[in-house]
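Below is one structure, written out as structure tokens; comments come after it.
Here, each number is a calculation from the coordinates, and none is a lab measurement. Quick caveat: nothing in here was measured; it's all calculated off a predicted structure.
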């Protein structure tokens, strides 16, 4: 279950490690790689879609657009 709100890197890393059954250091590396890839794509003018969550929109002022739920409500 994905919980919206503020989640610190450490919390995200610990949750990933627990769910995937991997060491926290490996989970931290994976999180860092994903974030780096997103940033690089945005810098190259490419938008990045995170299925079920939303899209990072590239441009002069990049932003994040959340996906709407199937019933059309946020």
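Data for the structure
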item: Per-selection Rg to Rh, region 9-66 - Cα, Kirkwood hydrodynamic radius; result: 1.07
item: Rounded to 10°, Cα long-axis angle of helix 24-43 versus longest principal axis of the chain; result: 20 degrees
item: Net length gained if the chain between residue 12 and residue 55 were fully extended (0.36 nm per residue, minus Cα distance); result: 13.6 nm
item: Mean residue ellipticity (222 nm) of the chain, computed from DSSP H runs ≥ 4 via -39,500 (n - 2.57), nearest 500; result: -14500 deg cm²/dmol
